[in-house]
1. State, to one decimal in nm, how far the label point of A:Glu188 lies from the label point of A:Arg414, with both points 7 Å from Cα in the Cβ direction.
2. Relative contact order for chain B: what is it in percent, counting Cα pairs under 8 Å that are at least 6 residues apart?
3. Collect residues whose amide H, placed 1.01 Å from N in the peptide plane, falls under 5 Å from the amide H of B:Leu268; neighbours closer than 5 in sequence don't count.
4. Sorting B:Ser37, B:Ser405 on the 10 Å Cβ count, fewest up front, what's the list?
5. How many Cβ atoms of partner chains, on average, are near each residue of B:295-308 if near means within 10 Å of its Cβ?
6. Checking the table A:Lys7/A:Lys56; B:Lys296/B:Lys375; B:Lys91/B:Lys224; B:Lys55/B:Lys296 against a 23 Å threshold on Cα-Cα, which pairs fail?
7. Tell me, B:Asp278, B:Asp265 in order of fewest to most beta-carbon neighbours within 10 Å?
8. Can you tell me, using C-alpha contacts under 8 Å and at least 6 residues apart, the relative contact order of region A:248-472 as a whole percent?
Amino acid sequence: MMPRELKFQDPGEGIHEGEIADVLVSEGDEVQEGDDLLVVETDKATTELPSTYSGKIEKIHVRAGDVVEVGDLLVTFASGAGEEAQEEEAQDEEKSGGGKAAAVGELPGLEEFEEQETKSGRNAKADAKADRQKEKPNRKQPKASERPIPASPATRRLARELGIDLREVEPSGPHGRVIDDDVRQAAEEQPADKEETKSKKKKKKKEKGAPAEAAEPKAREKQGRERPELPDFERWGSVERQPLRGIRRQTARRMSLSWQEIPHVTHHDWIDVTDLERWRREHALQIEEQGGQLSLMVLVIKALAGLLRRYPRFNASFDPASQELILKQYYHLGVAVDTEDGLVVGVLRNVDREPVAQVARSVTELVERVRNREVESEELRGSTFTVSNVGPLGGDAFEPLVNYPEVAILGMGRARLQQVVGGDLDSPTTEVRYMLPLSLSYDHRVNDGADAARFLRDLGQALRDPETMLLNI
Amino acid sequence: MTDVPDHTEVLIIGGGVGGYAAAFRAIDLGMDVTLVSEEPRLGGVCLLRGCIPSKAMLEIAELLITTREASERGIEFEPPNIDLSKLRDWKEGVVEQLVEGLTALAEKRGVHVLTARATFESSETAKLEFDDGEDTVRFDHAIIATGSRPIALPDTPFGERIMDSAAALEMPDIPERLLIVGGGYVGLEMGTVYASLGSKVTLVEMADRLLMRADQDLVEPLAKRVASLFDAIHLETTVTGVEEADDAVHVKFEGDDTPSQTTFDRVLVAVGRRPNSDNLRLDQTDVELDDNGFVKVDEHRRTTDDRIYAIGDVAGGMLLAHEAMHEGGVASEAIAGEPAAFDVRAMPAVVYTDPQIAWCGLTEESAKEKNRQVKVTRFPWRASGRALTLGSAHGLTKLLTDPESGRILGVGIVGREAESLIGQGVLAIEMGAVTEDLARSVAAHPTVSETLHDAAQAALNRPLHIAPKSVQQ
């Protein structure tokens, strides 16, 4: 007999999730079929969810503010005997029981092999799990005599991967062996809500910050690992294989992460920095005497610091789990530094509070320290927006990848003299100006094309007029 | 000082078989790996002063014994001249070759190998003490693979003449009178080596039989053999006092049948091993130990500290090299987010004595302890043509099967080449094979691997080389 429960269903517009706006009833309430129980807000509409049963509400599984996905259990009704509801709860507990396994999933496919000498400290847990298994009421095919369940090591691994308990699989292999097909079939038959609840639980666990943050990107990276095998390149000539090490390896991982996680868009523009360049040349010597190099990048960084205050959504991070924007009230600019070993992003803290001479000194010092590998890894964390300047090496437009978990990065190309056409359609004029190409890549989940266009336009404005800019900030 | 990264994704402490297996797997899965070992050479106890050198010496023992006993078959050899230093060089050469191979593999893969003592400063940082200074490394995950060390007798530290297994393998000389304390596999293997080289070996064991972990029927042929090879074996005998003099060791015993001899040239103490978990500053982490000092781990080999894993001897279990290697892979895969778990059903154990003993899966003893019904089928090697030509008629192959399903649950072997034969048993158990599978797989004739096939046929009550009535249940 099916337990009587209300699950969140697609309201019919291809919607996958909604937010519980309000809970209209309490546990223990008697309701009639058709009574409204919950108010759900989707990105299309706000809807009341009516009860599908008449009877007493045993349990409400959601609270206002919760985000629910299609298939999630919302409300359980007390049945005649009241058994099903309890059973559901018991299973829920079981699922969340092994609290430690979050990083690798819950691995219900693992079977304790009682005959094997188990390691110290594992026994209690194994026993507890075995006990729970025994208590489990409606097992499909109890295989009382068989333990451990006969299945090859590869099949057992598959079961763990698909979250299948071998004890619940109908074996079709010879002599009662569970084979891969049995496990796959069991995975397909697994009730949708079980799957959904499980993935949601995992998500929740992560939100709480446990386990260590380090585990999270790895689990995510795992999804990306299902990639096609490379061909044997030696068929076409000899090759050398070089292991990726240190910074190169980090860069490879972080860039994959950024590419996979962030829907990138890049906006390009040319900024007139003729006056800025003149100003820079005038003051370069003076700044140099104070120990800093007044580069165009320093001035761009300084301008950005002021601009980010006005554009908080470019100085942010996105939390997809909670669907929240995290707006940072500090302005730490990442500076991409090209070192012998590869790219390292150094961090300039609180650039908004530093005068330009100080920023120049800080940049000069940071670049040097990064190149000499003198910075501690902690110093490389916490940037809120990154600048990548390939200008000295040439090039104009490019598409930098956002430095995850930031939401935007500014690429600087090489500034150069260009003929700029002005005037109007009837009387065009040309003028030679010193132009700087800029490329702003941003996370389109957080900002739109118009935001990026405004951001670059205002940055251009600031850079065009150095005196005002440096006075204002 | 060595170039130390300030951050690593996976920090592995210990360069033994567990440590390098974990390192190689982790790096193959795309992680950045730093392996810290106190010893400049990779390989740990197993390679440097355990499995490998002892097997080299046992090979010599077998050669000596075989040539000595060839006279029974009509071949008479002169007593051999033993050049101990050349023998040591050969043994060391074998070890060195393997160390070089490992070092090259580690280098090729890009593992950062550091020679230092590592201690935890927190759940994310470890202190590294080098000969010429110290450093700190941050890690996302750590794997403790520090192994174990021999236990000394109470109040009797190891000394010049009171040796542990490592010292005995150094082969300082061939003592005229050697006392071995402990009738486990180390005592039996080293006793065989020294007896074959000419020492008079006395072995004392506290329990009432040798090799407590193996089934008695498998130990019997070995017990008979060592009784003739050794000078004396005293069971249920404890050592109550050991005094090391300049030229000898004086020993006091307690028991019903104590050795009449109390003066020995050297003593080998082989009474067990204890985990190297005490000098890691685990108090700085959330890692917990059990009452015997073994690190508590779950099925992923994760400790009670989410970021830290433990594998091999330090995490308990059967304290076998191949167990550690397998666990190393499990831990690294779990860290990478793969659905890995330690779910071994047949962990092989091998004792390299003459005759060899090997077993895997369930033993009769463990079945009894767990109150598990099993069908036991023994095939004596005196019915095997190949065994007779090998002079191994005392051998025995034993199958433990499920009385209902015929599933193979355990395999035990005593006799020549048991080390290789056991692999068939492992595969059969892991694949969930039934007796008939083994009986219908053709074995080459004449080989000792045939004995497994013969045993399976006997279990099905259709034996070929023995009479049906001799089938024991």
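1. Between A:Glu188 and A:Arg414, the simple spin-label model gives 5.9 nm.
2. On the way: 1012 pairs, mean separation 67.2, N = 473.
Result for chain B is 14 percent.
3. Amide H to amide H, under 5 Å and 5 or more residues apart or across chains, B:Leu268 pairs with B:Met163, B:Leu179, B:Ile180, B:Val181.
4. Values: B:Ser37 24, B:Ser405 17.
Ascending number of Cβ neighbours within 10 Å: B:Ser405, B:Ser37.
5. Working: counts 3, 6, 4, 10, 15, 6, 2, 5, 2, 2, 2, 8, 5, 1.
Across B:295-308, the average partner-chain Cβ count within 10 Å equals 5.
6. On the way: A:Lys7/A:Lys56 16 Å; B:Lys296/B:Lys375 34 Å; B:Lys91/B:Lys224 29 Å; B:Lys55/B:Lys296 31 Å.
Those over the limit are B:Lys296/B:Lys375; B:Lys91/B:Lys224; B:Lys55/B:Lys296.
7. In increasing order of surrounding Cβ atoms, one gets B:Asp278, B:Asp265.
8. Values: 421 pairs, mean separation 65.7, N = 225.
Computed over region A:248-472, the figure is 29 percent.
Every read-out reported here was derived from the displayed coordinates using simple, explicitly stated rules and does not represent laboratory data. Remember, predicted model here, so these are calculated numbers, not experimental data. Heads up, the Cβs are rebuilt from the backbone with ideal geometry, glycines too, and the neighbour counts pull from every protein chain shown.
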